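Shown next, in structure tokens, is the structure this report addresses.
The values are calculated or read from the model by the stated rules, or taken from the named source; none is laboratory data. Note that the coordinates shown come from a computational prediction; the quantities given were computed from them, not determined experimentally. Cβ placement follows ideal geometry from the backbone for every residue including glycine, while neighbour counts extend to all protein chains displayed.
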Ligand code: FES
């Protein structure tokens, strides 16, 4: 994969934030840039980042696979991550995930046919007391997600996209 000049310029700005011998510290930023531009991080992109930063491809892959904010394949416009760690499972996290599976008609990990939603589970989001909790597009935290609130969220996003 050949990275564009614009992408390389963005990489360079991130690498410049660290001492020259610590260029690898920019790996997360470079992964985020690729994901912003392409929607996900393909294996070829990991290789290109590894080459750019002078680190093993496996070390880049380890970062990509450790954090579920990095998409390893294309996802829908709205990525819904429901926390299913034990504290949340004890407080209806599993039920929230099951409700979304039913409402969206996809299994966990799947993407709706219209490309609007990808449903995933997540590790602890640090808000166990607010369960059920979820993240939308890795940024927007939603707490106390009852079935009614889940319906409102999904219906609202669909309406905003003209697919209600
Ligand atoms: S276990 Fe779900 S937020 Fe902590």
Among (1) closer than 22 Å to residue 67 by Cβ; (2) within 11 Å of the ligand (Cβ to nearest atom), which single condition is residue 91 missing? (1)
Would you check if residue 145 is crowded, with 19+ Cβ neighbours inside 10 Å and more than 24 Å from residue 74 (Cβ to Cβ)? yes
Residues in segment 127-164 that are without any contact (Cβ under 8 Å) to a residue 12 or more places away in the chain and in contact with a strand residue (DSSP E or B) (Cβ under 6 Å, 6 or more places away or on another chain): how many? 1
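Residues checked against (1) closer than 30 Å to residue 100 by Cα; (2) touching a residue at least 40 places away in the same chain (Cβ under 8 Å); (3) assigned by TED's automatic domain parsing to the domain that holds residue 105:
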{"position": "16", "(1), (2), (3)": "no, no, no"}
{"position": "23", "(1), (2), (3)": "no, no, no"}
{"position": "33", "(1), (2), (3)": "yes, no, no"}
{"position": "44", "(1), (2), (3)": "no, yes, no"}
{"position": "48", "(1), (2), (3)": "no, yes, no"}
I'd like to know if segment 69-87 contains one or more residues that are surrounded by fewer than 18 Cβ atoms within 10 Å (Cβ to Cβ), assigned to a loop (DSSP other than H, G, I, E, B) and within 16 Å of the ligand (Cβ to nearest atom). yes
Within segment 98-141, residues assigned to a loop (DSSP other than H, G, I, E, B), away from the ligand (no atom under 15 Å from the Cβ) and over 18 Å from the mean Cα position of the chain (by Cα) come out as 105, 113, 114
Would you confirm whether or not segment 50-66 contains a residue that is surrounded by 13 or more Cβ atoms within 10 Å (Cβ to Cβ), part of a loop (DSSP other than H, G, I, E, B) and more than 16 Å from the ligand (Cβ to nearest atom)? yes
